[in-house]
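There's a structure below that I have some questions on.
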Amino acid sequence: MQKALAIDAGKCTGCKQCELACSFEHEGIFNVVRSRIRVFIFEEEARFVPYTCTQCDQAWCMQVCPVGAITSDPMSGVKSVNAATCVGCKVCTIACPFGTINYNAGSGKVEKCDLCGGDPACARECPTDAITFIDAGLAGYAKMQDWAARTDTAPQAAS
Amino acid sequence: MHHVIIGTGPAGVSAAETLRRLNPGSKITMIGGEGEVPYSRMAIPYVLDGGIKEQGTHLRQDKGHYERLDIEVLAGPVTRIDAQHKLVELLGGSAVNYDKLLIAAGASPVKPPVPGLDLPGVHHCWTLGDMRVIEELAQSGEDVVLMGAGFIGSIILEALKKRGVNLTVVELGDRMVPRMLDETAGGLLKQWCIGHGVDVLTDTGIDRVEPDGERLSVHLTSGASLSARLLVVAAGVKPNTGFLTGSGIKVGRGIVVDAHQQTSLPDIYAAGDIVESHDISTGEVSVMAIQPVVVDHARVAATNMAGFKARYEGALAMNVLDTLGLITTSFGLWHGTGSGEQAMSLDAENYKYLRLEFDGDHLVGAQSLGLPEHVGVLRGLIQSRIDLGPWKQRLMANPHQLAAAYVACTNGVC
């Protein structure tokens with residue numbers, strides 16, 4: 001069973017624990033700038049929206065990579081970057097319509113959410129269950145997948 | 001079912017893999033034109049700058065990839081297509097029969113009509129063969145001239161500079177990357193390059209090149225001349241449609257295809273830099289030789305070849321460039337519609353620039369300079385034709401809120 005991050009923005013308080021946890025998990029430092037999940041804060045509407053890669057089926061980042069540095073795990077569906085193969089060309093950063101794969105000038109590579117290998121730190125540290133890690137079918141990604149479909153210029157075959 | 005693919009670049013390889021996935025029992029043959037293993041041209045600059053080894057350009061790094069997928073890779077090039085007998089002829093006279101054919105033969109660099117461009121010491125930077133020559137000639141401390149500061153030129157610029165050569169770039173346009181960046185961004189990029197030790201001459205052409213012993217004398221339209229060991233020509237590319245003459249396949253700016261990537265002849269499809277696409281921003285047809293378009297073509301063509309239905313809805317122009325650490329991007333109608341509204345933010349001192357172009361309630365084009373985070377949302381905002389609602393005014397006031405605008409509009413915060 002594939003699992004996915006389920007984000008219930010209504011429960012988010014904007015505490016940014018997820019950003020700190022992500023940064024620490026991947027970079028070994030607490031620095032929200034280095035997080036692969038970001039909480040968008042809409043003050044006028046008093047809304048907080050945690051936002052990261054949905055591991056979408058279209059996987060533009062993976063399709064477009066000129067050197068095959070991004071692969072999809074057949075079991076988990078996670079799209080991850082092989083840093084040794086990535087040349088840092090950044091084509092994936094413009095091809096992903098969600099803006100959730102970004103270039104790190106320090107490493108010269110791109111980076112994205114990799115679900116922490118199956119135990120995502122953001123979900124683990126979220127104090128209000130705004131981010132949970134559950135069966136993909138229940139995760140309510142339908143909304144973002146709908147946006148993915150609207151951007152898709154080359155829909156997949158109905159196989 | 002025998003699928004034959006002409007071309008072993010990203011379009012050919014993506015198509016072959018898609019075909020294998022959708023038609024597990026079919027025979028698949030790819031025919032290369034350069035006698036190399038399948039590779040990605042886009043990776044060549046990263047070999048030149050020392051970031052990767054030549055093997056890092058190979059399309060698919062795992063050993064035995066094509067054997068494992070039972071994809072045969074033949075050396076071409078293909079010299080002729082005989083659609084009536086459903087076969088392609090290879091240099092040397094052998095022929096390969098096909099049931100379905102994909103033409104993904106790519107593009108070649110343009111050599112402008114400037115006297116002296118056939119001299120030794122003048123090279124394109126397009127193939128692995130070119131790359132090996134440039135690795136030889138562009139040694140640290142050598143004088144090198146680069147003709148063209150377009151998209152490809154600017155990528156090569158960075159690679160050459162990182163090799164430590166004395167580099168002069170000569171560009172006919174009034175700024176760098178004139179087909180991707182406006183005066184402000186192109187001007188800032190030029191200033192940045194000059195600040196990083198590259199001599200950039202805009203509004204300047206090369207009049208003629210003359211031999212000077214082992215070196216070259218490069219005469220400019222300004223009247224000045226430069227002495228160089230190597231002249232690299234990056235003056236654009238054109239589709240490799242020459243071998244299609246007499247085949248009956250309709251060619252406009254590139255191969256003409258329908259929404260299924262099928263050419264004017266049955267059972268023959270086309271993908272990649274050799275094909276013209278419908279530009280969803282302008283409504284016009286042009287060859288959009290960019291990786292995202294190429295892989296979409298390949299996926300659609302292969303899906304239809306495999307007997308499933310897929311349509312290509314058109315291409316969005318998008319580019320990203322990293323020039324000595326300054327990242328620029330452009331999307332869609334980055335130069336605006338002429339009648340729409342515009343939002344702009346410029347911090348020239350810190351090399352930061354963002355320009356958004358609107359048409360009514362929609363974002364239709366954008367450019368960024370020095371702003372690497374979340375740039376992909378520009379594609380999302382433009383291509384999904386998101387109704388911006390109140391976010392249009394917010395973006396007009398502060399264009400840097402574009403990621404917030406995308407997240408808000410796709411999560412009901414508007």
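The values are calculated or read from the model by the stated rules, or taken from the named source; none is laboratory data. Given the structure is predicted, the values throughout are model-derived calculations rather than measurements. Don't worry about glycine lacking a Cβ; one is built from the backbone with ideal geometry, like all the others, and counts go over all protein chains shown. SASA here: full protein model, heavy atoms, side chains in, ligands and nucleic acids out. Shrake-Rupley method; radii C 1.70, N 1.55, O 1.52, S 1.80 Å.
Residues of segment A:43-58 with backbone nitrogen within less than 18 Å of a virtual label 7 Å along the Cα-to-Cβ line of B:Ala397, please, listed as ranges.
A:43-47
Over all directions, average the projected area of the Cα convex hull of segment B:122-233 and note it in nm². Let's see the in-between values first.
Numbers: hull surface 26.0 nm².
Orientation-averaged projected area of the Cα hull: 6.5 nm².
By Kyte-Doolittle mean hydropathy of at least 0.0 and Cα axial length of at least 15 Å, which whole DSSP H helices of chain B are selected?
Span-like helices here: B:10-22, B:151-162, B:183-195, B:291-305.
Applying 1/(1 + (r/R0)^6) with R0 = 30 Å to the Cβ-Cβ distance of B:Leu119 and B:Asp82, what FRET efficiency is obtained, to the nearest 0.05?
On the way: r = 38 Å, r/R0 = 1.28.
Rounded to the nearest 0.05, the efficiency is 0.20.
Where a ≥ b ≥ c are the square roots of the eigenvalues of the C-alpha gyration tensor, would you call chain B rounded, which needs a/c under 1.5, or, failing that, prolate if a/b is larger than b/c, or oblate? Show your work: numbers first, answer last.
Numbers: a/c = 1.91, a/b = 1.10, b/c = 1.73.
Here chain B falls in the oblate category.
Run the accessible area of segment A:3-149 with a 1.4 Å probe and give the carbon-and-sulfur part as a rounded percent.
Details: 3250 of 6250 Å².
Carbon with sulfur: 52 percent of the solvent-accessible area.
If each of B:Glu136 and B:Gln55 carries a label point 7 Å out from its Cα toward its Cβ, how far apart are those two points in nm?
It works out to 2.4 nm between the two label points.
Quick check: net charge around B:Glu89, other residues with Cβ under 14 Å of its Cβ, Lys/Arg +1 and Asp/Glu -1? Don't skip to the answer; put the middle values down first.
Details: positive: B:Arg80, B:Lys86; negative: B:Asp82.
Around B:Glu89, the charge tally is +1.
Tell me: how much accessible area in total is hidden between B and A, 1.4 Å probe, Å², nearest 100? Walk me through the intermediate numbers first.
Details: alone 18020 and 9140 Å², together 22990 Å².
Interface area, both chains combined: 4200 Å², rounded to the nearest 100.
Gaussian network model of chain B, Cα springs within a sub-10 Å range: biggest mean-square fluctuation belongs to which of B:Glu158, B:Glu34, B:Glu67?
Largest GNM mean-square fluctuation: B:Glu67.
Using the alpha-carbon centroid of each, what span in Å lies between segment B:338-414 and segment A:36-100?
First find each Cα centre; the distance between them is then 19 Å.
Shifting gears a bit: I want to check the label-to-label distance for A:Glu45 and B:His335. Put each point 7 Å from Cα in the C-beta direction and report it in nm to one decimal.
3.6 nm
Taking 2.2 N^0.38 Å as the expected size of a compact globular protein, what ratio does the Cα radius of gyration of segment A:3-149 give against it, to two decimals?
Values: Rg = 14.8 Å, N = 147, 2.2 N^0.38 = 14.7 Å.
This ratio for segment A:3-149 stands at 1.01.
On a C-alpha basis, how far is the centre of segment B:140-214 from the centre of segment B:226-271 in Å? Whole number, if you could?
26 Å
Can you give me the relative contact order of chain B as a percent, contacts being Cα pairs under 8 Å and 6 or more apart?
Numbers: 911 pairs, mean separation 55.9, N = 414.
Here the relative contact order equals 13 percent.
Continuing with the same structure: Radius of gyration and Dmax for the protein assembly as shown's Cα atoms, expressed in Å?
Rg, Dmax (Cα atoms, Å): 24.1, 75.
Here's another thing I want to ask about it. Quote the relative contact order of segment A:3-149 in percent (integer), defining contacts as alpha-carbon pairs under 8 Å separated by 6+ residues.
Working: 261 pairs, mean separation 45.6, N = 147.
This gives 31 percent for segment A:3-149.
Follow-up. Would you tally the net charge around B:Asp182, using a Cβ to Cβ cut-off of less than 14 Å, leaving B:Asp182 out, and scoring K and R as +1, D and E as -1? The partial results should precede the final answer.
Values: positive: B:Arg175, B:Arg179, B:Lys190, B:Arg355; negative: B:Asp174, B:Glu183, B:Glu357.
Net of charged neighbours comes to +1.
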